[in-house]
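Working notes, beginning with the structure itself.
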């Protein structure tokens with residue numbers, strides 16, 4: 001009997017661009033068995049989360065929980081106060 005699949009590592013080589021209104025984050029797809037948690041644990045989704053502010057706060061899911069997503073780019077537009 002197989003044990004619980006290993007959790008995949010976080011993507012590396014992440015790049016981000018930003019302007020006054022949004023941030024776009026891109027990363028290469030995880031493809032190898034070592035990256036995805038092993039051959040018996042295929043990658044089904046990336047979960048992208050956002051937290052506003054430099055000192056932390058509540059993390060919010062942007063994509064990857066429902067519906068599942070294998071996209072390798074995410075753009076976020078934070079709500080501006082006022």
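The values are calculated or read from the model by the stated rules, or taken from the named source; none is laboratory data. Everything numeric in this text was worked out from a predicted model, so none of it was measured. Counting neighbours? That spans all protein chains shown, and the Cβs are built from the backbone with ideal geometry, glycine included.
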Quiz item: Does at least one position in the stretch 5-26 carry a residue that is surrounded by 12 or more Cβ atoms within 10 Å (Cβ to Cβ), modelled with pLDDT of 80 or more and part of a loop (DSSP other than H, G, I, E, B)?
Solution: no
Quiz item: Pick from the stretch 53-70 the residues that are in a loop (DSSP other than H, G, I, E, B) and surrounded by 14 or more Cβ atoms within 10 Å (Cβ to Cβ): which of them is modelled with the lowest pLDDT?
Solution: 64
